[in-house]
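> Take this structure, written in structure tokens, and hold onto it; I'll ask about it next.
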Amino acid sequence: MYIAFDRAECFSDEELAEILERHSEEEDMRLFHRADEARRHYYGDDVYIRGLIEFTNVCRNNCFYCGIRSGNAKIKRYRLEREEILACCQEGYGLGFRTFVLQGGEDPYFSDKRICNIVSAIRECFPDCAVTLSVGEKERESYEAYFEAGARRYLLRHETASEAHYKKLHPAGMRLDNRKRCLYDLKEIGYQVGSGFMVGSPFQTTQNLIADVRFLQELMPDMIGIGPYISHADTPFRGYKNGTLSQTLRLIAILRLLFPYALIPATTALGTIHPQGRELGLKAGANVVMPNLSPAGVRKLYNLYENKICTGEEAAQCRAGLERRVEEAGYRVVTARGDVKYDAQGGKVIAQKV
Ligand code: SAH
């Protein structure tokens, strides 16, 4: 498939602010429609599925927004052993998944050796599947080792691209520049990289969101995951307002128009704040869904935020439910690995300043 650069759009800061602060419902509809057209131009009605395996809720970090933060003493901690993870993949494989996303807190138990061991076991058992890791900030050498073991994709949201805002969301010691360093290391090593941010996180301003978009334009990730911030009672941010559906949808559409090539998930968080959140996300430009493959017994324990959906379902139920939702929204689930699409010159399709 040939992809032309001319389809990508540009937005000035003023245009972004206009959309995020002053758009009418009618203008939103037009924006979502434009994003859907761009998505169909590059990806047709394909929706890729990724099997999400939340393999540990132990985390050494203490991010103020996150339910599995180390300071949350109320939560029961769990880890999945290698065999349990492989069993999730086995079940997922039978359900048509060809990408497994291993996500977890930054759990010291999962040393580089253990992670490599798990990645290579999955690659051996399921050679036609891609392994995506999402295990936080590591040294470059660790990322190299995971790559060597067979991981080819990595998800690490930058969370917010503004230094001042980053400090308000994280304790001292966590640094935006380290997170960015990780993202650039991952890219250089050759991973397909996913980044992204929360929408409506405490203290976030329109200018912060514009900075997030600009940072992504600099990084040029392959995947962009965004979702609304959702409050959690056992965090210092209890009582702060959740991000909104409309703001998240507007940003999905903007990102689709700026990055026509990108893999953009309609996230679980979006499905949590609105019953049709994920369908609306797809209609605004998203083209990936990530059903949960974690064993039912531990799902409720990976509670990053409150009222997370699908925590009571079996993997198969989750998969079937999503397929129905995707079809009702006017798209179809494809079981291909779904790698990012490049243009004829091997470049990504990005917004070109003219
Ligand atoms: N430890 C890994 C995985 C983090 S969990 C890492 O650091 O990348 C995955 C994502 O969930 C986070 O990147 C964050 O954007 C999101 N998240 C965490 N708490 C949240 C909350 N309260 N509301 C919405 N999203 C949240």
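The values are calculated or read from the model by the stated rules, or taken from the named source; none is laboratory data. Fair warning: this is a prediction, and the values are worked out from it, not measured in the lab. A quick note on method: Cβ atoms are made from the backbone with ideal geometry, for glycine too, and the neighbour counts reach across all protein chains shown. Side chains are part of the model used for accessible areas, which takes the heavy atoms of the whole protein and leaves out ligands, DNA and RNA. Shrake-Rupley method; radii C 1.70, N 1.55, O 1.52, S 1.80 Å.
> If you stretched the chain out fully between Arg140 and Asn307, how much longer would it get, using 0.36 nm times the residue separation minus the C-alpha to C-alpha distance? Let's see the in-between values first.
Working: separation 167, 0.36 × 167 = 60.12 nm, distance 3.53 nm.
Extra length available between Arg140 and Asn307 comes to 56.6 nm.
> Within straight cross-link reach of Lys300, meaning Cα distance under 19 Å, which lysines are found once same-chain residues fewer than 8 apart are removed?
Lys74, Lys76, Lys308
> Cys10 versus Asn62, label points 7 Å from Cα toward the beta carbon: distance in nm?
4.5 nm
> Of all the accessible heavy-atom surface of the chain, with the other protein chains kept in place and a 1.4 Å probe, what percent is carbon and sulfur?
50 percent
> Quick one: which of 283-296, 314-327, 151-164 comes out on top by average Cβ neighbours within 10 Å, and what's the full order, highest first? Could the numbers behind the result be given before it?
Working: 283-296: 24.6, 314-327: 17.7, 151-164: 21.4.
The peptides rank, most packed first, as 283-296, 151-164, 314-327.
> Assign unit charges at the C-beta atoms only (+1 for Lys and Arg, -1 for Asp and Glu), then state the dipole size of the chain relative to its Cα centre in Debye, rounded to the nearest 20.
The calculation lands at about 740 debye.
> For segment 267-278, just list the computed ³J(HN,Hα) in residue order, Karplus coefficients 6.51, -1.76 and 1.60, θ = phi - 60°, integers in Hz, with x standing in for Gly and Pro.
7, 4, 4, 5, x, 7, 7, 8, x, 10, x, 6
> Sticking with this structure for a sec: List the cysteines of the chain that have no other Cys Cβ closer than 4.7 Å: which are they?
So far as the 4.7 Å Cβ criterion goes, Cys10, Cys59, Cys88, Cys89, Cys116, Cys125, Cys129, Cys182, Cys310, Cys318 stand without a partner in the chain.
> Expressed in nm to one decimal, what extension gain is obtained for the pair Thr335 and Thr206 from 0.36 nm per residue of sequence separation less their Cα-Cα distance?
42.7 nm
> Right, here's the next one. Given the Cα atoms of segment 138-206, and with Rh set as the inverse mean 1/r over their pairs in the Kirkwood sense, what is Rg to Rh to two decimals?
That ratio equals 1.03.
> List the relative contact order of the chain as a percent without decimals, with contacts defined as Cα pairs under 8 Å and 6+ residues apart.
On the way: 672 pairs, mean separation 93.2, N = 354.
Here the relative contact order equals 26 percent.
> While we're on this one: In terms of the ratio Rg/(2.2 N^0.38 Å) built on C-alpha atoms, what value belongs to the chain?
Taking the Cα Rg and dividing by 2.2 N^0.38 Å, one obtains 0.92.
> Find how many whole Å separate the alpha carbon centroid of segment 138-174 from the alpha carbon centroid of segment 249-316.
First find each Cα centre; the distance between them is then 21 Å.
> Can I ask one more? Heavy-atom accessible area per residue, the chain, 1.4 Å probe: how many Å²?
41 Å²
> Sort Glu124, Glu279 by heavy-atom solvent-accessible area, probe 1.4 angstrom, most to least.
Of Glu124, Glu279, the descending order of accessible area is Glu124, Glu279.
> Taking 0.36 nm per intervening residue step and subtracting the Cα-Cα distance, what contour gain separates Met220 from Ala73 on full extension?
49.2 nm
> When DSSP beta bridges are limited to those with both residues in the chain, what percentage is antiparallel, rounded to the nearest 5?
5 percent
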